[in-house]
Amino acid sequence: MLSSPAARFRAIAFAEAVSWAALLIGMLFKYVVASNPIGVKIFGPVHGLLFVVYVIVVLLVREPLRWNGKTTVWALIASVPPFGTVVFERWASRTGRLAAPARSNDDDVADIDDAEATPARS
């Protein structure tokens with residue numbers, strides 16, 4: 001499920017957005033509905049952890065996904081507004097920035113040449 005960098009990015013982007021929603025609901029109950037801080041006490045740290053994990057995942061997937069600096073900065077900025085990570089994920093998916101870079105035929109040829117050059121053991 002999370003074997004590719006794009007899959008890891010999608011999972012944490014979605015989780016970060018869900019934690020934002022949960023925190024906003026917790027804040028609604030704390031400040032508007034019931035003056036009960038339990039939602040913020042639970043979802044505040046959860047969202048904080050997922051926020052940090054999102055930033056780390058962005059920095060880890062930028063190279064395998066071949067993101068340039070501008071895309072990386074937008075991915076990091078997307079973590080600030082609520083649901084920005086999902087908006088960025090949709091944009092990145094639509095523009096091909098979450099597609100795995102294709103291997104060139106030269107890599108395949110090199111692998112075959114290496115295999116043929118290695119003598120078989122008997």
Going by the structure shown, is ILE56 of a type outside the set (D, E, K, R), loosely packed, with under 14 Cβ neighbours inside 10 Å and assigned to a helix (DSSP H, G or I)? yes
Unique match (being surrounded by 15 or more Cβ atoms within 10 Å (Cβ to Cβ), aromatic (Phe, Trp, Tyr), free of Cβ contacts under 8 Å to residues at least 40 places away in the same chain and closer than 20 Å to LEU2 by Cα) among PHE43, PHE29, PHE51, PHE88: PHE51
Unique residue being surrounded by 13 or more Cβ atoms within 10 Å (Cβ to Cβ) and touching a residue at least 60 places away in the same chain (Cβ under 8 Å) when the list is ALA22, ALA6: ALA6
Please work out which one of (1) within 14 Å of the chain's Cα centre (by Cα); (2) assigned to a loop (DSSP other than H, G, I, E, B) is the condition GLY96 fails and give its number. (1)
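Kindly evaluate ILE38 against the criterion of being β-branched (Val, Ile, Thr) and under 17 Å from LEU76 (Cβ atoms).
Numbers: β-branched (Val, Ile, Thr): yes; under 17 Å from LEU76 (Cβ atoms): no.
Answer is no for this residue.
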Run PHE43 past the list (1) modelled with pLDDT of 95 or more; (2) of a type in the set (Phe, Trp, Tyr); (3) over 15 Å from GLY84 (Cα atoms) and report the number of the one that doesn't hold. (1)
Any residue in the range 59-78 that is surrounded by fewer than 16 Cβ atoms within 10 Å (Cβ to Cβ) sitting within a Cβ distance under 9 Å of a residue that is not in a helix (DSSP H, G or I)? List the pairs, counting only those 6 or more apart or interchain. PRO64/SER4; PRO64/ALA100; PRO64/PRO101; ARG66/ARG97; ARG66/PRO101; ASN68/ARG62; GLY69/ARG62
Going through the range 59-92 one residue at a time, which ones are β-branched (Val, Ile, Thr) and closer than 13 Å to ILE12 by Cβ? VAL61, THR85, VAL86
For ALA22, state whether it is touching a helix residue (DSSP H, G or I) at 6+ places or on another chain (Cβ under 9 Å), part of a helix (DSSP H, G or I) and within 24 Å of ALA100 (Cα to Cα). no
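The values are calculated or read from the model by the stated rules, or taken from the named source; none is laboratory data. These numbers were taken from a predicted model, which means no experiment stands behind them. Every residue, glycine among them, receives a Cβ derived from its backbone with ideal geometry; neighbour counts consider all protein chains shown.
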